[in-house]
Amino acid sequence: MSTFSHYEIEERIASGGTGDVYLARDRTLDRRVALKFLSERLRQDESTRMRFLQEARSAAALDHPYICKIYETGEAEGRPFIAMEYVPGESLEERLDREALPIEEALAAAEERGLDLVEVAPTARPPVVKIMDYGKFKFEEAKAARAAKKKQHVIEIKEVKFRPSIDEHDFGFKIRHMREFLNEGNKVKVTMMFRGRQMARLDLGKAVLDRVATALADIGKIEFDARLEGKNMTMVIAPK
């Protein structure tokens with residue numbers, strides 16, 4: 001018998017695409033639990049880890065006698081896990097090995113629980129359905145999406161234009177604005193604009209762009225080096 005955190009693992013009871021489920025005993029509360037681990041091959045993918053924990057949060061938001069309770073979720077020993085209520089009995093796989101559940105029986109089971117019968121794989125033979133509170137599921141899904149959107153920072157590309165003959169005052173003014181953009185997490189497209197005979201002295205414009213890169217070296221890095229595009233020379237600076 002192996003141990004994990006404050007759990008004693010007794011046996012593996014299920015395996016799936018995202019991980020394995022074990023029967024375990026919570027030594028702190030002295031009760032049996034189902035302990036689900038994210039598979040080793042998926043642990044390095046941050047988006048998969050977030051979805052795994054979101055699965056627990058979504059399930060924990062539901063309160064129904066026919067939905068197993070979530071006791072704990074987190075990460076220990078480098079392994080994300082979900083500890084949930086252990087309900088002994090026949091597994092769905094064992095039930096379906098005997099025969100597909102008739103649609104009437106599935107509908108009756110959903111109605112008895114006051115839940116919905118949702119088709120999740122209509123093209124499968126037989127079709128795959130799930131008993132759930134669909135309205136609450138969509139609400140929680142939208143709520144999670146809104147929360148994730150609030151945490152997202154949309155990176156914008158701000159453009160700042162220069163001339164080869166720019167004076168020191170304007171140069172300093174533009175540098176201050178670029179620092180603000182970079183501190184906000186945005187990228188800056190620096191455009192050097194040439195006119196007429198200035199095209200014969202591209203080196204003067206390139207020298208100004210080099211000064212810009214040097215002035216911002218403490219908070220920015222060159223993502224795209226200076227290159228000529230028509231009558232403009234551009235480079236992109238990203239936050240460090």
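Modelled spin-label separation between Phe224 and Ile103, with each label point placed 7 Å from Cα along the Cα-to-Cβ direction: 5.4 nm. Computed from Cα positions, the angle between helix 202-215 and the longest principal axis of the chain comes to roughly 50 degrees. Fully extended, how many nm does the chain gain between Thr48 and Arg163 (0.36 nm per residue separation, minus their Cα-Cα distance)? My answer for the length gained is 36.7 nm. Could you point to the residue in Ala207, Ala109, Phe139 farthest towards the positive end of the chain's charge dipole, with +1 and -1 charges on the Cβ of Lys/Arg and Asp/Glu respectively? Result: Ala207, furthest along the dipole toward the positive end. Using C-alpha pairs under 8 Å with a sequence gap of at least 6, the mean separation divided by the residue count of the range 157-239 gives a relative contact order of 35 percent. Its Cα centre serving as origin, the chain has a Cβ charge dipole (Lys and Arg +1, Asp and Glu -1) of approximately 2000 debye. Placing R0 at 22 angstrom, the Cβ-Cβ distance between Ala238 and Glu180 gives a FRET efficiency of 0.90 after rounding to 0.05. Using just its DSSP H runs of length 4 or more, each adding -39500 (n - 2.57), the chain gives a mean residue ellipticity at 222 nm of -11000 deg cm²/dmol after division by all residues.
The gain in end-to-end length when the Met199 to Asp20 segment is fully stretched comes to 57.9 nm, 0.36 nm per residue minus the alpha carbon separation. Multiplying the residue separation of Thr191 and Asp30 by 0.36 nm and removing their Cα-Cα distance gives an extension gain of 51.3 nm. Checking every one of the GluC sites (Glu not before Pro) in the range 8-83 against DSSP loop status and a limit of 11 other Cβ atoms within 10 Å picks out Glu77. As a calculated quantity, the FRET efficiency between Phe173 and Glu141 at R0 = 35 Å, using C-beta atoms, amounts to about 0.15. Annotation for the range 189-231: trypsin sites (Lys or Arg not before Pro) lying in DSSP loop with at most 14 further Cβ atoms inside 10 Å of their Cβ are Arg195, Lys231.
Taken together, the values in this text are just the output of simple stated rules run on the coordinates, not laboratory data. Remember, predicted model here, so these are calculated numbers, not experimental data. All Cβ positions, glycine included, derive from the backbone under ideal geometry; neighbour counts span all protein chains shown.
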